[in-house]
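Okay, structure first, notes after.
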Amino acid sequence: MADITLISGSTLGSAEYVAEHLAEKLEKAGFSTETLHGPELDELPLFGRWLVVSSTHGAGEVPNNLQPLLEQIANQQPDLSNMQFGAVGLGSSEYDIFCGAIKQIDNILIARGATRIGSRFEIDVTEHEIPEDPAEEWVKNWINLL
């Protein structure tokens, strides 16, 4: 099992690129990683550490490739009290609901008993043409909390 399981939810691919970039940085820091794009609940360990990276689409909605996972968590109500996670959201401040998807995911995981490591990080794509850059700076601090 990997030290950190990265989970991405993406509509156009930006969150996938960020997740893969963060996996590289985590591996350089000595952690083993597994990156899953839009996984099902049965593909994920229910303990250890997750790093969730999600874009937001529409009116603050979770990307289609992560909807099944959130529905499975809601229906199966797994105990996630042995799981810690980090949360990185991508969104545009030009929309009424900024980074709505990662906020929903964060709330759902905490409601199931998971513990967030550090603060939720939200990247405004109107300010950062390359979202990997601010994510890389954030993960340096996040690693220190592990």
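The values are calculated or read from the model by the stated rules, or taken from the named source; none is laboratory data. Just so it is clear, the model here is predicted, and its values are computed rather than measured. Because the Cβ atoms are built from the backbone with ideal geometry, glycine has one as well, and the counts that use them run over all protein chains shown. Accessible surface is based on the protein model in full, side chains and every heavy atom, while ligands, DNA and RNA are left aside. Shrake-Rupley method; radii C 1.70, N 1.55, O 1.52, S 1.80 Å.
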Within the stretch 108-125, track down each residue that is outside any strand (DSSP E or B) and either modelled with pLDDT under 95 or open to solvent by less than 70 Å² (accessible area, probe 1.4 Å) (or both). I108, L109, R112, G113, A114, I117, G118, V125
Residues (over 19 Å from V62 (Cα atoms) and among the aromatic types (F, W, Y)) located in the stretch 6-34: F31
Go through the stretch 26-53 and count every residue that is outside any loop (DSSP other than H, G, I, E, B) and open to solvent by 50 Å² or more (accessible area, probe 1.4 Å). 7
Taking the stretch 50-68 as the region of interest, how many residues are within 20 Å of E34 (Cα to Cα) and in contact with a helix residue (DSSP H, G or I) (Cβ under 6 Å, 6 or more places away or on another chain)? 4
Please work out if N65 is in contact with a His (Cβ under 8 Å, 6 or more places away or on another chain) and closer than 16 Å to G9 by Cβ. yes
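Conditions tested, residue by residue: (1) in contact (Cβ under 8 Å) with a residue 12 or more places away in the chain; (2) in contact with a Gly (Cβ under 8 Å, 6 or more places away or on another chain).
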{"site": "E20", "(1), (2)": "yes, no"}
{"site": "K25", "(1), (2)": "yes, no"}
{"site": "L36", "(1), (2)": "yes, no"}
{"site": "L46", "(1), (2)": "yes, no"}
{"site": "V53", "(1), (2)": "yes, yes"}
{"site": "G58", "(1), (2)": "no, no"}
{"site": "P68", "(1), (2)": "yes, yes"}
If you check L6 against the conditions, is it in a strand (DSSP E or B) and either farther than 15 Å from W138 by Cβ or open to solvent by 50 Å² or more (accessible area, probe 1.4 Å) (or both)? no
